[in-house]
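The next block holds one structure in the form of structure tokens; read it before the comments.
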Amino acid sequence: MRLSWLQIVRLGLVQMCIGAVVVLTTSTLNRLMVVELALPALVPGALVALHYGIQITRPSWGFRSDTKGNRTAFVIGGMGALASGAFLAALAVVIMPETRTGGLLLSVLAYALIGLGAGASGTSLLALLATATDPRRRAAAATITWLMMIFGIAATAGTVGTLLQPYSPALLLEIVGAVTAGAVLLTTAAIWGIERRVIADRDPKPSPFREGLAEIWREPRARAFTLFIFLSMTAYFLQELILEPFAGLVFSFNPGQSTQLSGAQNGGVFVGMLVVGIASTGLRIGSLRFWVIFGCLGSAAALAVIAGLGLSGAGGLVPAVVAMGFFNGVFAVAAIGSMMALAGAGREAREGTRMGLWGAAQAIAAGFGGLLGAGAADLLRTVLSDPAAFGAVFLGEAALFLISAVVAASVIESAAPRRQTEKTADKTLVPGE
């Protein structure tokens with residue numbers, strides 16, 4: 001039995017909850033540490049890198065999903081760990097003015113929990129989607145679930161930004177507590193009962209984890225796609241930890257305004273994903289190669305505009321950030337559709353392990369990109385003005401997006417001849433065609 005559209009939407013609600021909780025740590029708490037607490041951007045950068053680094057365990061979670069079953073327990077348990085970590089991270093920010101060391105130690109524990117929770121819940125959820133979704137619906141299922149995640153991120157950032165004005169530590173804890181508790185309850189209600197209604201074939205004699213991972217790495221398409229994910233996601237996340245501090249330090253945005261800026265950015269991502277989903281799936285316009293290159297080039301242009309606005313002191317930051325989000329969404333949804341489709345290629349009963357491998361590549365890139373962006377901004381601010389320092393990082397990110405566009409074109413073109421001869425197995429890199 002395969003997932004119905006209603007069940008896919010229910011699983012999308014879980015993805016929405018994951019995004020809603022994670023955005024609190026990567027936007028609101030990040031800005032509070034850099035601006036209100038005057039910590040170097042490298043501090044939240046290292047904490048976010050820690051939570052991404054721990055997600056290198058994603059292939060293991062995926063393998064367990066492939067061989068042990070009971071993905072529902074991993075999803076709910078992971079969400080509980082993620083929510084607990086997010087609340088502890090907010091508590092750490094509140095106590096830092098009184099005890100800097102204690103706050104930092106609590107932050108390390110909190111972000112470690114966030115990494116474990118996101119890895120367990122996210123990978124198990126995607127494995128369930130990959131194994132139980134009809135192959136013809138995989139690309140659409142990926143679009144639906146990621147659109148819901150982006151909606152959760154944008155709605156949470158915008159709502160929290162509004163409710164957090166004027167800022168107070170007590171109000172922060174109240175808001176974060178409500179969001180995290182709500183995420184656990186909604187996740188449990190959304191996923192409950194779905195897995196036992198879905199019959200998914202499993203490998204009766206699974207190979208050991210390392211052997212299974214090695215088998216996947218020997219697949220040329222899986223290996224090439226892993227490298228592509230790492231490069232492109234490094235570019236995608238380079239500005240994640242510095243955009244809100246940039247808005248606060250250069251454009252004098254208050255905490256609520258900068259959080260709303262993050263919401264506006266993710267609103268742009270949502271629209272970009274929606275446009276590509278409709279154009280490529282419904283209208284059959286464009287291929288993955290076109291949309292990825294278009295998204296990367298547009299992202300690079302938007303970043304150059306943002307850097308110029310900071311140097312010139314002109315207004316218009318919000319529209320430029322929305323445009324960047326739009327092009328990010330265009331790029332991301334094409335990669336996501338490919339990921340879901342490619343997870344079902346190759347040896348059977350390895351969907352979870354493949355999703356874990358690519359999730360780990362994305363997580364490492366996200367942590368590396370965020371830490372690199374924060375560290376570069378800190379270093380450049382010692383010798384340059386704030387607008388020039390942040391602008392240099394944004395321009396570096398734009399250059400990396402240009403490189404990613406070239407790499408994407410090469411990866412997709414190299415797969416075209418294979419797709420002609422292996423129509424069933426290789427319809428993965430251009431799902432819109």
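The values are calculated or read from the model by the stated rules, or taken from the named source; none is laboratory data. Computed from a prediction, not measured in an experiment: that's the story for all the values here. Positions of Cβ are backbone-derived with ideal geometry, glycine not excepted, and every protein chain shown enters the neighbour counts. To get the accessible areas, we keep the full protein, side chains included, count just its heavy atoms, and leave off ligands, DNA and RNA. Shrake-Rupley method; radii C 1.70, N 1.55, O 1.52, S 1.80 Å.
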Yes/no for residue 407 being closer than 20 Å to residue 333 by Cβ, β-branched (Val, Ile, Thr) and at pLDDT 50 or above: yes
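Would region 66-74 turn up any residue that is closer than 18 Å to residue 363 by Cα, basic (Lys, Arg) and in contact with a Leu (Cβ under 8 Å, 6 or more places away or on another chain)?
So far as region 66-74 goes, no, none of its residues is closer than 18 Å to residue 363 by Cα, basic (Lys, Arg) and in contact with a Leu (Cβ under 8 Å, 6 or more places away or on another chain).
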Condition broken by residue 130, with the remaining ones in (1) open to solvent by less than 40 Å² (accessible area, probe 1.4 Å); (2) closer than 30 Å to residue 38 by Cα satisfied: (2)
Answer from 18, 54, 8 - the residue that is open to solvent by less than 30 Å² (accessible area, probe 1.4 Å) and either among the acidic types (Asp, Glu) or closer than 22 Å to residue 87 by Cα (or both): 18
Residue in region 278-288 that is least open to solvent (accessible area, probe 1.4 Å), counting only those that are modelled with pLDDT of 75 or more and part of a helix (DSSP H, G or I): 279
Failed criterion for residue 251 (all others in (1) surrounded by 20 or more Cβ atoms within 10 Å (Cβ to Cβ); (2) at pLDDT 85 or above; (3) under 23 Å from residue 42 (Cα atoms) hold): (1)
Only one of 49, 92, 41 that is touching a helix residue (DSSP H, G or I) at 6+ places or on another chain (Cβ under 7 Å), surrounded by 18 or more Cβ atoms within 10 Å (Cβ to Cβ) and modelled with pLDDT of 85 or more: 92
Number of positions in region 41-92 that are without any contact (Cβ under 8 Å) to a residue 24 or more places away in the chain and part of a helix (DSSP H, G or I): 2
Qualifying position, being open to solvent by 30 Å² or more (accessible area, probe 1.4 Å), under 13 Å from residue 184 (Cα atoms) and touching a Gly at 6+ places or on another chain (Cβ under 8 Å), among 84, 121, 60: 84
Residue selected from region 138-159 under the condition within 23 Å of residue 265 (Cβ to Cβ), touching a Leu at 6+ places or on another chain (Cβ under 8 Å) and open to solvent by less than 10 Å² (accessible area, probe 1.4 Å), by the criterion modelled with the lowest pLDDT: 142
